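To start, the structure itself, in structure tokens.
The values are calculated or read from the model by the stated rules, or taken from the named source; none is laboratory data. Since this is a predicted model, take the numbers as computed values, not measurements. All accessible areas refer to the heavy atoms of the entire protein, side chains included, with ligands and DNA or RNA removed. Shrake-Rupley method; radii C 1.70, N 1.55, O 1.52, S 1.80 Å.
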Amino acid sequence: MNSSLFSSIKLVEVYTALGITDEARSIAAVLQYNFPDSKWYAYSYALLERQGLSPEFEPEKNKKFLGIF
């Protein structure tokens with residue numbers, strides 16, 4: 001695991017524990033975007049879910065490239 005991924009997971013943990021939920025959600029959203037199938041994102045998501053939260057990022061379905069494709 002690279003250090004930035006580990007740092008992001010730890011930040012989600014710390015921000016959640018401190019009640020800084022907006023920051024925790026934002027970082028989890030970055031993890032979701034960059035590592036959607038990783039166990040580390042799943043762990044971060046579970047941390048948020050226990051607090052009744054979810055990441056802010058929701059992937060757009062059927063997004064077209066430049067509105068063309």
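Ordered by 1.4 Å accessible area with all protein chains kept, Arg50, Arg25 run largest first as Arg50, Arg25.
Under 20 °C and 1.002 mPa s, how fast does segment 1-61 diffuse according to Stokes-Einstein, given a Kirkwood radius computed over C-alpha pairs? Answer in µm²/s, whole number.
192 µm²/s
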